Amino acid sequence: MAAATPPEMSTVAAAVTDCEELMKAFLVASGIIFGLIVIAHIARMTVETHLARDPWFLLLTLVAAGLSGWAWVLVLRSRRT
């Protein structure tokens, strides 16, 4: 049996670049989606004022805001490297 030849470095580098681009796309999509959830929650709280006092609704809004912010921080960090 012949030994398997290692992949060329350009092939590995291209695969890593593709993976990084997919991760950036995922982070941007996540940031947008969670940001839209936050906007929808805030809009709903202005219409239905009782939701502004609901601890679970506020918690979910803060969690969505945190996840959106975290996604955008990671997108910005990935641009620097």
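The values are calculated or read from the model by the stated rules, or taken from the named source; none is laboratory data. Everything quoted here is computed from the prediction, not taken from an experiment. Backbone-built Cβ (ideal geometry, glycine too); neighbour counts: all protein chains shown.
If you go through region 37-81 and pick out every residue that is in contact (Cβ under 8 Å) with a residue 24 or more places away in the chain and among the hydrophobic types (A, V, I, L, M, F, W, C), you end up with 9.
Going by the conditions given, is VAL75 in a helix (DSSP H, G or I) and either aromatic (Phe, Trp, Tyr) or in contact with a Leu (Cβ under 6 Å, 6 or more places away or on another chain) (or both)? Criteria met by VAL75. Residue count for region 51-71 satisfying the condition of being in a helix (DSSP H, G or I) and surrounded by 13 or more Cβ atoms within 10 Å (Cβ to Cβ): 14. Name the residue that is modelled with the highest pLDDT, counting only residues in region 1-35 that are within 16 Å of ARG77 (Cα to Cα) and of a type in the set (S, T, N, Q). That would be SER30.
The single condition among (1) without any contact (Cβ under 8 Å) to a residue 24 or more places away in the chain; (2) crowded, with 17+ Cβ neighbours inside 10 Å; (3) not small (Gly, Ala, Ser) that PHE34 does not meet is (1).
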